[in-house]
1. Do you know which residues across the stretch 154-190 are of a type outside the set (A, V, I, L, M), in a helix (DSSP H, G or I) and within 19 Å of ILE11 (Cα to Cα)?
2. Could you check THR162 against (1) at pLDDT 95 or above; (2) closer than 21 Å to GLY94 by Cα; (3) of a type in the set (S, T, N, Q) and say which number it fails?
3. Just the residues that are within 23 Å of PRO9 (Cα to Cα) and surrounded by fewer than 15 Cβ atoms within 10 Å (Cβ to Cβ), please, taken from the stretch 54-76.
4. Restricting to the stretch 54-105, name every residue that is of a type in the set (A, V, I, L, M, F, W, C), touching a residue at least 24 places away in the same chain (Cβ under 8 Å) and part of a loop (DSSP other than H, G, I, E, B).
5. Tally time: how many residues in the stretch 111-153 are more than 15 Å from the chain's Cα centre (by Cα), surrounded by fewer than 20 Cβ atoms within 10 Å (Cβ to Cβ) and not in a strand (DSSP E or B)?
6. May I ask you to list the residues in the stretch 151-192 that are touching a residue at least 24 places away in the same chain (Cβ under 8 Å), aromatic (Phe, Trp, Tyr) and under 11 Å from ALA134 (Cβ atoms)?
7. Name the one entry in THR89, THR139 that is β-branched (Val, Ile, Thr) and more than 21 Å from ASP164 (Cα to Cα).
8. Got at least one residue in the stretch 19-29 being in contact with a His (Cβ under 8 Å, 6 or more places away or on another chain), closer than 17 Å to ALA167 by Cβ and either of a type outside the set (Ser, Thr, Tyr) or in contact (Cβ under 8 Å) with a residue 24 or more places away in the chain (or both)?
Amino acid sequence: MTKDAARPPRIAAVVLAAGLSTRMGGRNKLLMDVEGRPMVARVVAAVRASRARPVIVVTGHEADRVRAALEDTAVSFAPNPDYRAGMSTSLRAGIAAVPADADGAIICLADMPDVTSAHIDRLIQAFDPAESRAICVPTHKGRRGNPVLWARKFFSEMQALTGDTGARALLKTHAEFVAEVAMGDAGVLFDVDGAQ
């Protein structure tokens with residue numbers, strides 16, 4: 001889609017919030033307090049402040065508690081009953097819930113509280129499959145981070161992923177479609193596990 005097209009791209013957001021938090025010693029990191037609210041609520045608020053719609057939250061581990069933390073938040077939920085089998089199952093559940101009219105989806109990790117709506121909107125602005133910018137990856141000082149925006153044409157391959165991996169391997173497979181989008185801060189690199 002070119003910049004002078006009739007409409008901007010329709011980009012959904014998928015927030016992966018189903019994980020077991022195995023590196024947190026039994027605590028659900030998504031429910032940890034970050035500046036007065038649960039981390040998952042902070043992350044979802046940033047996503048909701050962006051241009052991405054709809055916002056889909058994938059739940060699994062302690063799903064009721066995660067949903068309660070997002071009470072009165074305008075999001076839809078995609079349950080992942082297979083969450084114990086790893087991240088790929090959450091990715092598949094989230095992609096399956098993306099509306100048919102969406103041009104792509106931005107995959108957000110619920111344990112990255114420093115990602116902002118500005119980061120997300122910058123990725124959406126860069127997205128242009130007609131110009132081979134069909135996968136938009138944020139970077140800071142040359143390091144790739146998250147979230148990552150994927151065009152619909154990659155959804156079938158994402159649905160075929162297995163195990164405890166995300167879609168990182170597809171970045172190498174489709175390197176010619178990857179656009180690195182420089183960010184002015186390290187929020188796209190920081191996750192709670194990395195801070196431990």
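The values are calculated or read from the model by the stated rules, or taken from the named source; none is laboratory data. The structure displayed is predicted, hence computed values, not measured ones. Positions of Cβ are generated from backbone atoms using ideal geometry, with glycine treated the same way; all protein chains shown enter the neighbour counts.
1. Result: PHE154, PHE155, SER156, GLU157, GLN159, PHE177.
2. So THR162 meets the others, but not (1).
3. ALA74, SER76
4. Kept after step one, since they are of a type in the set (A, V, I, L, M, F, W, C), are these residues of the stretch 54-105: 55-58, 63, 66, 68-70, 74-75, 77-78, 85, 87, 91, 93, 95-98, 100, 102, 105.
Restricting the remaining residues to those that are touching a residue at least 24 places away in the same chain (Cβ under 8 Å) gives 55-58, 63, 66, 69-70, 74-75, 78, 85, 87, 91, 93, 95-98, 102, 105.
Result: LEU70, ALA74, VAL75, ALA97, VAL98, ALA102.
5. 9
6. PHE177, the sole residue that qualifies.
7. Details: THR89 fails: more than 21 Å from ASP164 (Cα to Cα).
Of THR89, THR139, the one residue that is β-branched (Val, Ile, Thr) and more than 21 Å from ASP164 (Cα to Cα) is THR139.
8. Scanning the stretch 19-29, I find at least one residue that is in contact with a His (Cβ under 8 Å, 6 or more places away or on another chain), closer than 17 Å to ALA167 by Cβ and either of a type outside the set (Ser, Thr, Tyr) or in contact (Cβ under 8 Å) with a residue 24 or more places away in the chain (or both), so the answer is yes.
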